Number of protein chains: 2
Amino acid sequence: MLPQARVAKGQRSRLELTKIAIDCFSRFGYRGTSIERIARAAGVTKGAIYYHFRDKEDLLLAAVSDRVKAFENRVQAACEDIDPSRALRSVAEVCVKNACWGDHPRFTIRLMVEAIDTNDRVSEQLRGMMRRFRAFMRNLIRSGQRQGLFRHDIDAETAAASFTSSVLGAEIQFYQDPERLRLEETIGLYVDQLMNYLAPPARAEEENPSQDSKGAVIDD
Amino acid sequence: MLPQARVAKGQRSRLELTKIAIDCFSRFGYRGTSIERIARAAGVTKGAIYYHFRDKEDLLLAAVSDRVKAFENRVQAACEDIDPSRALRSVAEVCVKNACWGDHPRFTIRLMVEAIDTNDRVSEQLRGMMRRFRAFMRNLIRSGQRQGLFRHDIDAETAAASFTSSVLGAEIQFYQDPERLRLEETIGLYVDQLMNYLAPPARAEEENPSQDSKGAVIDD
DNA sequence: TCAAGAATACTAAACGGTTAGTATGTTACC
DNA sequence: GGTAACATACTAACCGTTTAGTATTCTTGA
C-alpha cells in the first residue's frame, strides 16, 4: 500500500533534513550545529524540523543510524564472494574511497570523538558499529587462517583492532592535512605490512613488495 | 629578579586556569565547554578568566601550546641516546602510557577533530604538531635505513604516516571502548608488524615474533 | 617612614546575542 | 472538513564578554 502523496512528501522531507543534518554535524559537530542552521540549509523553518523530529537528539540519532547502515552496507558489499586476503584489501579500498570522495566522510569520526563522555546513546551506537566492524575483520582474518592463507599464531582480534586503528588514524590525519597525508599510500602500506605479517612462513618470501624507489635514502 | 609575590600569584592562577581548561576541553570539547564551567571548576568567577585571557580562544590557544609542548618533550625524551629500532618502540610505549595514565590524554585528539573546519588557528597548531611528529618518525626510520637496521626500499615518510595512523586510531578506539580495545596489545602488534616489514631481508628470519597462543583458530 | 596613587587580581552584575524548544496559526492536499 | 506539513512568534536558558567595583600589594615622592 503506497503511502499517500502527502505522507510520501513528508518522508522525503524527513530524509532531506537528515542528510542536511549529517552534513552539518560532520563539519560543525553536534554541539556546534544549531537547529536554525539545519533549517536554513534545508530552506525551511525550525518548526518543520520539530514536526519531523522530537528534538535535536532525535535528529542526531536518525543521522547516526543512517551513517552506520551506509558504512556497514558498503563494507559488506566490498567483501562479497572474494577470499579473505582480497577482502582485507577491498575493505581498505572502500575506506579510502569513502574518505576521499564519499558523502559525509567525516561524520562518524567527528561524532565518535565528540560523543565520548557527552552522549551515551550516540557513543553506544558508534561503539556497537566499531565492535561489529572489528568482529567482521577478525572473522575475515580467522577465515584466512582456516584456509591456510594466513599464519595461525597471531591473535585475529588484535590484528583486526590494528587494521581498524590504521584506517581510522589515517583518515583523521587526511582530514586534518589533506595536502601532506597521502591517504591511499598510507593505508596501502599498512595493508602491505599486514599481509606480509599474516603470510604463512612458507610464503613470506613470495610477497615481493612492489614499492616505488621513493624509499631510497635521501638526506633531509 | 623574582617576580613580585602578587605577580607570581597571578602567574600561578593563569597556569591553574589553563590546566583546568585543558581538562574541560578534553572532555567536552571547545564548543561544549563554557567559561562559567571553567571558572566554577577553578573556584573563581568568569571575570577572573577574562583578566588573564583576552577571550575564550586565547585560553584555548594557551591550552593547545601547553599540550603540544608536553607531547613533543615526551617524545623527544623517549628517543634520547637509543638506536632507531628501539626508539620506534619507545615512542609507541610513550603513547600507550600517556593514553592510559597520562594527564589529559584526550585533549589533542578531541581538539584536532573539532578544529577541522571550525578553527583555523588551532588546526594550524595541531597540524604543525602532527607534521613535526611524522617528520620525526620519518627521520628515525631513515636513520635506521642508513645504519642498515631497516631496509632501503620503503618510503620512510609513508611508513611514518602509517605508524602515526595506527597510534592515533588505536587511541581513539581505546577512549571509545576501553573495555574491549586492548591498547597495549594493539599498538604492540602494529609495531611488531612494522619492525618485521622494515627488517632488511637478511634479518627477516631472525625476527621471531613472540605471540601468545591466542591466535589459535577459534570458532565464533 | 608614611601616605597617596598605581597596579594587580579578582568579584558581582549586567549586557547582548544565540539556542532549543513550544504554542499557535496557516495552507494545500486528500 | 480534516490533516500533514509546514511557518511564525515567543519563552527560558545559556553563553561570551564587558563593566563597575573591591581588596590587597607595590611604588614613589615628600
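The values are calculated or read from the model by the stated rules, or taken from the named source; none is laboratory data. Note that the coordinates shown come from a computational prediction; the quantities given were computed from them, not determined experimentally. So basically every Cβ, Gly included, is an ideal-geometry build from the backbone, and we count neighbours across all protein chains shown. Only protein heavy atoms, including side chains, enter the accessible area calculation; ligands, DNA and RNA are left aside. Shrake-Rupley method; radii C 1.70, N 1.55, O 1.52, S 1.80 Å.
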Residue-span extension gain [A:Asn139 to A:Lys46] - 0.36 nm each, minus C-alpha spacing: 29.0 nm
Using the Cα centre of the stretch A:64-201 as the reference point, and only Cβ charges (+1 on K/R, -1 on D/E), how large is the resulting charge dipole? Debye, rounded to the nearest 20. 260
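Taking 25 Å as the cut-off for C-alpha to C-alpha distance, list the pairs among B:Lys69/B:Lys97; A:Lys56/A:Lys97; A:Lys97/B:Lys97 that go past it.
Listed pairs above 25 Å: A:Lys56/A:Lys97; A:Lys97/B:Lys97.
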Measure off 7 Å from each Cα along the Cα-to-Cβ vector at B:Gln147 and A:Ala5, then give the distance between these two points in nanometres to one decimal. 7.7
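For chain B, what is the convex hull (Cα atoms) projected area averaged across all directions, in square nanometres?
16.7
Considering only protein heavy atoms and a 1.4 Å probe, what is the carbon-and-sulfur percentage of the accessible area of the protein assembly as shown?
Summing carbon and sulfur atoms, their accessible area is 48 percent of the total for the protein assembly as shown.
For peptide B:5-13, compute the average count of partner chain beta-carbon atoms within 10 Å of each residue's beta-carbon.
For this peptide, the per-residue mean of nearby foreign Cβ atoms is 0.
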Between A:Leu88, A:Tyr30, A:Val75, whose Cα lies farthest towards the positive end of the dipole of chain A when Lys and Arg beta carbons carry +1 and Asp and Glu beta carbons carry -1, centred on the Cα centre? A:Tyr30
About the Cα centre of the stretch A:1-74, how large is the charge dipole given +1 on each Lys and Arg Cβ and -1 on each Asp and Glu Cβ? Please answer in debye to the nearest 20. 160
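What dipole magnitude, in Debye to the nearest 20, does the protein assembly as shown give about its Cα centre under +1 on Lys/Arg Cβ and -1 on Asp/Glu Cβ?
2160
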Excluding ligands and nucleic acids, what accessible area in Å² is computed for A:His52 using a 1.4 Å probe, to the nearest 10? 40
Let me know the mean shielding of A:181-194 by other chains, meaning the per-residue number of their Cβ atoms within 10 Å of its Cβ. 6
Determine, from the Cβ-Cβ distance of B:Arg180 and B:Ser13 and an R0 of 56 Å, the FRET efficiency 1/(1 + (r/R0)^6), rounded to the nearest 0.05. 0.85
Closest approach to the B/A rotation axis among chain B Cβ atoms, residue and whole-Å value: B:Gly169, 2
Got the A:Thr45 label distances to the other copies yet, label 7 Å along Cα→Cβ, in nm, shortest first? 4.0
Loop trypsin sites (Lys or Arg not before Pro), the stretch B:1-106, which have at most 14 other Cβ atoms in a 10 Å radius of their Cβ (DSSP): B:Arg54
